Amino acid sequence: MEHEGKPSEADTISARHKKSKKKLLFGSIAIAVVLLAVGGFLIWRNMQPKSLMPKDIKSQLTTFQPYFYYDEVPAGYKLADTQLDKEFGVVLFSLTKLGRPAVSISEQPLSSNLDPNQLLKGGESVRGAELPATINSVEGRYVGIMVDTERKTMILLNTTSEAEKQDLQDLLKGLKPVK
């Protein structure tokens with residue numbers, strides 16, 4: 001016999017069943033949202049350009065902000081070698097291209113004794129580079145200079161006399177901060 005005002009056993013089971021359906025629906029939606037967010041993040045992260053700088057070298061650089069190439073080296077050059085001179089805290093790397101002279105690049109902390117404006121003075125400015133950069137002609141060969149005064153970094157590109165100025169411009173424009 002049912003008591004007045006009290007729900008029947010069938011009504012109670014039906015109400016519990018409705019609540020569990022709602023919980024299941026909201027739980028499924030929450031899981032789908034989380035999976036979409038994680039998937040979106042992973043896709044975004046994989047679409048970010050990857051620095052070509054070896055991680056073991058990057059992890060040892062604490063005195064200046066390194067700059068390097070992402071995904072590929074511009075102007076058809078290939079990364080031939082990268083090394084860190086721990087004694088002086090200098091990153092050295094060389095680039096090669098079939099039929100062209102190699103380009104040697106060094107990155108190092110900007111010494112407080114050097115005036116960045118003097119380093120860049122007299123050279124041809126490179127438009128489109130991440131930082132102030134110039135190309136100078138030194139003893140018949142081109143030398144590229146890029147300076148980050150805020151993060152205290154100096155980058156030098158050295159070539160032989162057969163190098164093309166446009167290659168140096170493209171190489172300077174391609175250097176980006178390593179994250």
Of those in region 138-179 that are touching a helix residue (DSSP H, G or I) at 6+ places or on another chain (Cβ under 9 Å) and of a type in the set (S, T, N, Q), the residue farthest from LYS97 (Cα to Cα) is THR149
Complete set of residues in region 148-167 that are surrounded by fewer than 20 Cβ atoms within 10 Å (Cβ to Cβ) and β-branched (Val, Ile, Thr): THR149, THR160
Cβ-Cβ under 6 Å pairs, at least 6 apart or on other chains, region 145-171 side within 13 Å of SER125 (Cα to Cα), far side outside any loop (DSSP other than H, G, I, E, B) and of a type in the set (Gly, Ala, Ser): MET146/ALA133; LEU168/GLY144; ASP170/ALA75
Across (1) more than 19 Å from the chain's Cα centre (by Cα); (2) within 15 Å of ILE57 (Cα to Cα); (3) at pLDDT 90 or above; (4) not aliphatic (A, V, I, L, M), GLY89 clears everything bar (3)
Anything in region 131-177 that is touching a Lys or Arg at 6+ places or on another chain (Cβ under 6 Å) and closer than 20 Å to VAL90 by Cβ? List them, or say none. THR159
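To keep it simple, each residue is scored yes or no on (1) under 18 Å from the mean Cα position of the chain (by Cα); (2) outside the structural domain of GLY76 (by TED's automatic domain parsing); (3) outside any strand (DSSP E or B); (4) closer than 20 Å to PRO74 by Cβ.
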{"residue": "SER111", "(1), (2), (3), (4)": "no, no, yes, no"}
{"residue": "ILE135", "(1), (2), (3), (4)": "no, no, no, yes"}
{"residue": "VAL143", "(1), (2), (3), (4)": "no, no, no, yes"}
{"residue": "ASP167", "(1), (2), (3), (4)": "no, no, yes, yes"}
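Here is a yes/no grid of residues against (1) in contact with a Phe, Trp or Tyr (Cβ under 9 Å, 6 or more places away or on another chain); (2) polar (S, T, N, Q); (3) without any contact (Cβ under 8 Å) to a residue 24 or more places away in the chain; (4) outside the structural domain of LEU171 (by TED's automatic domain parsing):
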{"site": "LEU79", "(1), (2), (3), (4)": "yes, no, no, no"}
{"site": "GLN83", "(1), (2), (3), (4)": "yes, yes, no, no"}
{"site": "LYS86", "(1), (2), (3), (4)": "no, no, no, no"}
{"site": "VAL91", "(1), (2), (3), (4)": "yes, no, no, no"}
{"site": "ARG100", "(1), (2), (3), (4)": "yes, no, no, no"}
{"site": "PRO116", "(1), (2), (3), (4)": "no, no, no, no"}
{"site": "LEU119", "(1), (2), (3), (4)": "no, no, no, no"}
{"site": "SER125", "(1), (2), (3), (4)": "no, yes, yes, no"}
{"site": "GLY128", "(1), (2), (3), (4)": "no, no, no, no"}
In region 112-119, is there at least one residue being out of contact with any Lys or Arg (no Cβ under 9 Å at 6 or more places or on another chain), surrounded by 15 or more Cβ atoms within 10 Å (Cβ to Cβ), modelled with pLDDT under 90 and not acidic (Asp, Glu)? yes
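The values are calculated or read from the model by the stated rules, or taken from the named source; none is laboratory data. Here the structure is a predicted model, which means the values were calculated and not measured. As a convention, Cβ positions derive from the backbone with ideal geometry for all residues, glycine included, and neighbour counts pool all protein chains shown.
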